[in-house]
1. Would you mind finding the one in Pro97, Pro103 that is more than 21 Å from Arg26 (Cβ to Cβ), of a type outside the set (Ser, Thr, Tyr) and not in a helix (DSSP H, G or I)?
2. Kindly list the number of the only condition in (1) exposed (fewer than 13 other Cβ atoms within 10 Å of the Cβ); (2) farther than 27 Å from Glu125 by Cα that fails for Asp42.
3. Given the condition closer than 21 Å to Lys14 by Cβ, of a type in the set (S, T, N, Q) and modelled with pLDDT under 90, answer yes or no: does some residue in region 116-128 qualify?
4. Residue under question is Arg52, and the condition is that it be part of a loop (DSSP other than H, G, I, E, B) and surrounded by 11 or more Cβ atoms within 10 Å (Cβ to Cβ); does it hold?
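The values are calculated or read from the model by the stated rules, or taken from the named source; none is laboratory data. Predicted model, so just to flag it, every value in this text is computed and none were measured. Glycine gets a Cβ as well: all are built from the backbone with ideal geometry, and neighbour counts include every protein chain shown.
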Amino acid sequence: MRQPWAELIVSGNKPIEIRRWETGYRGRIWIHAPQHLDEALDQKFGLRNLFRGGYVGSAELTSVERIDERRWEAWRGQHLDPGHFQPDLYAWVLAYPRRLRQPVAGPGALGLFRVPEEILDKLTEADQAASSC
């Protein structure tokens, strides 16, 4: 998820992520922030110097809901997308966000993907350190 969306998710300020596709997966997902920089969007949310190029935390994907125009407007404060409603969108409902104390650098991929084993070990270790604080 691009920054600042990744930061807003792990900080608990964005419990709904908008996607054009649904998934049957439910459970913990790692939040990856790619290298892409959108300074205007960072400024819109008052965020600076956000980590890019790796994993910043995790959240629980609890449900995926088709969005209609009514839900788009009702959930605007949770998905934070300033744009207009578009058909065929899904709300990925996220809960229990956790920020890593130290981000873990690593490659990402489009869509849901399996984290490489060597990075997963680092993420698990970083997540345990963060949850013990």
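1. Numbers: Pro97 fails: more than 21 Å from Arg26 (Cβ to Cβ).
Sole residue among the options that is more than 21 Å from Arg26 (Cβ to Cβ), of a type outside the set (Ser, Thr, Tyr) and not in a helix (DSSP H, G or I): Pro103.
2. (1)
3. Looking for residues that are closer than 21 Å to Lys14 by Cβ, of a type in the set (S, T, N, Q) and modelled with pLDDT under 90, one finds none in region 116-128, hence no.
4. On the way: part of a loop (DSSP other than H, G, I, E, B): yes; surrounded by 11 or more Cβ atoms within 10 Å (Cβ to Cβ): yes.
It is true that Arg52 is part of a loop (DSSP other than H, G, I, E, B) and surrounded by 11 or more Cβ atoms within 10 Å (Cβ to Cβ).
Residue-by-condition table, conditions (1) touching a Ser or Thr at 6+ places or on another chain (Cβ under 8 Å); (2) over 14 Å from Ala6 (Cα atoms); (3) hydroxyl-bearing (Ser, Thr, Tyr); (4) exposed (fewer than 12 other Cβ atoms within 10 Å of the Cβ):
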residue	(1), (2), (3), (4)
Glu69	no, yes, no, yes
Gly77	no, yes, no, yes
Val104	no, no, no, no
Lys122	no, yes, no, no
Asp127	yes, yes, no, no
